[in-house]
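Sending over a structure as structure tokens; questions will come in a sec.
Computed from the coordinates by the stated procedures, all read-outs in this text should not be read as laboratory data. A quick note: this is a predicted structure, and the numbers were derived from the prediction, not measured. Neighbour counts are summed over all protein chains in view; Cβ atoms, including those assigned to glycine, are modelled from backbone coordinates with ideal geometry.
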Number of protein chains: 2
Amino acid sequence: MTPKPLVTLRTGRELRARVREWRASNLSVGLVPTMGALHEGHLALVRTALSTCDRVIVSLFVNPTQFGAGEDFAAYPRNEARDAALIAGEGAHVLFAPGVDEMFAEGEVTEVHVPGLDAVLEGAHRPGHFTGVATVVAKLLNLAQADHAFFGKKDYQQLQIIIRMVDDLCIPTEIHGVETVREKDGLALSSRNAYLTEQERAIAPALHATLMQMAEEFRAGGDGGRLELNARTRLTAAGFASVDYVAVVDAETLASLHVYDAMRPARILAAAKLGRARLIDNISVSSMENLPINPD
Amino acid sequence: MTPKPLVTLRTGRELRARVREWRASNLSVGLVPTMGALHEGHLALVRTALSTCDRVIVSLFVNPTQFGAGEDFAAYPRNEARDAALIAGEGAHVLFAPGVDEMFAEGEVTEVHVPGLDAVLEGAHRPGHFTGVATVVAKLLNLAQADHAFFGKKDYQQLQIIIRMVDDLCIPTEIHGVETVREKDGLALSSRNAYLTEQERAIAPALHATLMQMAEEFRAGGDGGRLELNARTRLTAAGFASVDYVAVVDAETLASLHVYDAMRPARILAAAKLGRARLIDNISVSSMENLPINPD
């Protein structure tokens with residue numbers, strides 16, 4: 001298959017002009033926001049977007065405001081040429097790759113908060129992270145004016161925050177969550193897996209395995225709080241250096257759940273440190289959604 | 001002049017459908033957000049919008065989230081039929097008058113903060129006020145998808161916050177500030193002037209007169225801080241019950257100014273209580289902008 005030409009745009013002005021042209025031709029527009037370092041998980045987002053929309057924009061912006069002090073902003077893997085080739089190969093139409101100065105004007109102060117959802121789990125361990133995420137996603141959505149935008153369920157809390165924000169602020173874009181892509185051994189694909197040594201890579205699948213076991217035990221009547229304690233022990237025993245959180249929660253509100261209720265969708269989320277990497281993962285408690293999706 | 005027919009819409013869905021029709025016909029769209037209780041100041045906004053845009057939406061929504069505990073949310077004057085007749089008379093095309101349930105969905109949590117600008121002056125005296133304003137204006141702008149939106153300079157701090165927010169969040173609407181309309185004696189038109197007794201109405205123009213005198217003294221070399229103290233004394237002597245603030249500030253950042261600098265636009269803002277009313281007003285320190293605009 002010959003890749004279609006990919007256009008790289010650097011400014012919001014150019015992006016808006018391009019989208020206006022598409023609109024004038026009645027073409028539907030999809031946006032896939034990324035921080036680059038693309039893997040099969042991102043490409044699944046691009047494919048879903050291409051199956052839904054006439055034109056697809058992939059944005060590449062490593063957003064400084066969602067990294068905390070001491071986090072890996074500087075080290076975060078960057079390779080725009082490789083990313084561009086990958087999405088060109090899929091048939092995406094525009095790569096929007098603005099610089100930090102383009103996305104954050106001098107004197108910028110506005111913040112989007114999603115209280116309740118943004119302070120728990122990841123939010124409790126990465127203060128300000130979701131304010132950075134919500135604010136930059138609001139900017140990207142308002143710039144692109146896309147009909148649809150696609151986010152991975154790998155960042156499940158982020159997805160719920162974005163759904164809530166878009167609904168609350170009446171942003172005219174439909175948000176789609178796309179299933180996590182996993183290695184054959186269950187490890188969720190992540191740009192940060194590149195930080196793992198060979199030995200750590202062998203330990204990493206224990207995260208997904210632990211969540212799967214928790215889901216089964218929760219469905220069988222186990223208490224959410226007790227399962228969380230057991231999972232911490234299991235992860236540490238498997239070789240994780242520390243566990244930031246592992247929690248059984250309501251799939252929409254992210255409130256803690258103790259008792260399984262087949263009528264109330266539940267999700268299990270976890271974050272744990274392994275060497276230089278901090279891995280996150282999550283699964284649905286409903287067994288139907290947990291079939292692994294292999295990259296090939 | 002025969003008024004054009006005015007359409008009243010109650011839901012965001014209907015508003016979006018209407019704007020989509022206009023866009024398909026290449027018509028430009030203007031939005032004038034109001035809380036109703038319309039006076040000549042609002043009508044000046046509508047006229048400016050009509051002179052700039054092919055189609056004009058006036059929104060009428062008394063936003064509960066921008067009123068604090070003990071403020072006048074319940075008492076705020078409401079008369080939709082009269083407001084509709086006034087804007088129909090001007091030739092506005094749509095009155096968007098949603099209910100609270102339409103604007104605030106169940107479970108809504110998202111807040112837009114504009115730190116720095118939203119905590120000083122009005123923000124210091126009405127905690128949470130500008131978060132309520134910024135959030136609901138973001139919603140209205142995203143719903144209407146207007147090319148232009150019009151706000152009065154009477155609420156100067158609000159205008160600066162909205163300009164900053166729209167720029168920061170890349171909302172694709174151009175914000176226009178429209179000059180304050182004043183009575184012949186200088187009193188800025190306000191829906192809350194209806195709260196004044198005859199005696200209080202006679203005192204009220206002292207607010208504008210005091211700001212005008214301050215501007216003259218500031219331009220003549222007076223120290224901003226000292227002028228503020230003098231103005232407080234003057235307002236209390238004139239019969240105001242209390243002065244929340246009176247401040248000489250940078251016209252954009254709202255940072256306090258002590259020394260006049262012809263190259264740095266300055267603004268004087270004040271809020272003071274008089275009977276049941278809390279009056280606010282502001283003027284530019286540059287004398288050119290302070291010529292009174294009479295309603296007829």
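Of A:ALA146, A:GLY177, A:VAL136, which is farthest along the charge dipole of the stretch A:79-188 in the positive direction, counting Lys and Arg as +1 and Asp and Glu as -1 at C-beta?
A:GLY177
Which value does Rg/Rh take for the stretch A:191-289 over its C-alpha atoms, Rh per Kirkwood?
Reported Rg/Rh, Kirkwood definition of Rh: 0.99.
Given the C-alpha centroids of the stretch B:245-263 and the stretch B:1-65, what is the distance between them in whole angstrom?
34
Name the long-range amide H neighbours of B:ARG78: under 5 Å, sequence gap of 5 or more, or other chain; modelled H, no Pro or chain starts.
It is none; the list stays empty.
As a test, work out the antiparallel percent of DSSP beta bridges whose residues both lie in chain A, rounded to the nearest 5.
50
May I pose another question? What size of dipole, in debye to the nearest 20, comes out for the protein assembly as shown about its Cα centre when the only charges are +1 on Lys and Arg C-beta atoms and -1 on Asp and Glu C-beta atoms?
Charge dipole of the protein assembly as shown: 480 debye, to the nearest 20.
Does anything in the stretch A:106-127 have its amide N under 13 Å from the 7 Å Cα→Cβ label point of A:ASP250, and if so which residues?
Correct set: A:116-117.
To the nearest whole percent, what portion of all C-alpha pairs in chain A is separated by more than 24 angstrom?
Percent of Cα pairs beyond 24 Å in chain A: 52.
Label-point separation (nm) for B:ASP223 and B:SER286, each offset 7 Å from Cα along Cα-to-Cβ?
2.8
Could you run the Karplus curve 6.51 cos²θ - 1.76 cosθ + 1.60 with θ = phi - 60° over the stretch A:165-180 and give me ³J(HN,Hα) per residue in whole Hz, x for Gly and Pro?
4, 5, 5, 5, 8, 6, 6, x, 10, 8, 9, 10, x, 10, 3, 5
Arrange A:SER242, B:SER59 by Cβ neighbour counts within 10 Å, fewest through most, would you?
The fewest-first ordering by Cβ neighbours comes to A:SER242, B:SER59.
Name the long-range amide H neighbours of B:MET35: under 5 Å, sequence gap of 5 or more, or other chain; modelled H, no Pro or chain starts.
B:PHE61
Next question, about the same structure. How far apart are the A:GLN199 label points across copies, placing each 7 Å from Cα toward Cβ, in nm, shortest first?
8.6
I would also like to ask the following. Calculate the dipole size of the stretch B:149-268 relative to its Cα centre from +1 charges on Lys and Arg beta carbons and -1 charges on Asp and Glu beta carbons; express the result in debye to the nearest 20.
240
When the Karplus curve 6.51 cos²θ - 1.76 cosθ + 1.60 is applied with θ = phi - 60°, which whole-Hz ³J(HN,Hα) does each residue of the stretch A:83-97 get, with x for Gly and Pro?
4, 4, 5, 4, 6, 4, x, 7, x, 5, 9, 9, 9, 9, 10
List the residues, sorted by chain then number, that are 5 or more residues from B:ILE175 or on another chain and whose placed amide H is less than 5 Å from its amide H.
B:ALA149
How far is the Cα center of the stretch B:162-182 from the Cα center of the stretch A:74-92, in Å?
The two parts, judged by their Cα centres, are 36 Å apart.
Taking only Cα atoms and a 10 Å spring cutoff, compute GNM fluctuations for chain A and point out the largest among A:ALA149, A:ALA24, A:ALA237.
A:ALA24
Let me ask you something else. Once label points are set 7 Å from the Cα along Cα→Cβ at both A:ASP167 and B:THR11, what is their separation, rounded to one decimal in nm?
It works out to 1.7 nm between the two label points.
A further question follows. Given labels modelled 7 Å from the Cα in the Cβ direction, how far is it in nm from B:THR233 to A:ARG276?
The modelled label-to-label distance comes out at 6.7 nm.
On to the next question. At 0.36 nm per residue, and after removing the present C-alpha to C-alpha distance, how many nm does the segment from A:ALA24 to A:GLU216 gain when stretched out fully?
Between A:ALA24 and A:GLU216, full extension yields an extra 64.0 nm.
Which number do you get for Rg(Cα) / (2.2 N^0.38 Å) in the protein assembly as shown?
Normalised by 2.2 N^0.38 Å, the Cα Rg of the protein assembly as shown equals 1.10.
In deg cm²/dmol and to the nearest 500, what is the mean residue ellipticity at 222 nm of chain B if only DSSP H runs of at least 4 residues count, each as -39500 (n - 2.57), divided by the residue total?
-11000 deg cm²/dmol
Within the protein assembly as shown, how many Lys pairs sit with Cα atoms under 24 Å apart, leaving out pairs fewer than 8 places apart on the same chain?
15
Quick one: angle between helix B:129-144 and the longest Cα principal axis of chain B, in degrees between 0 and 90, rounded to 10, please.
Roughly 30 degrees between the two axes.
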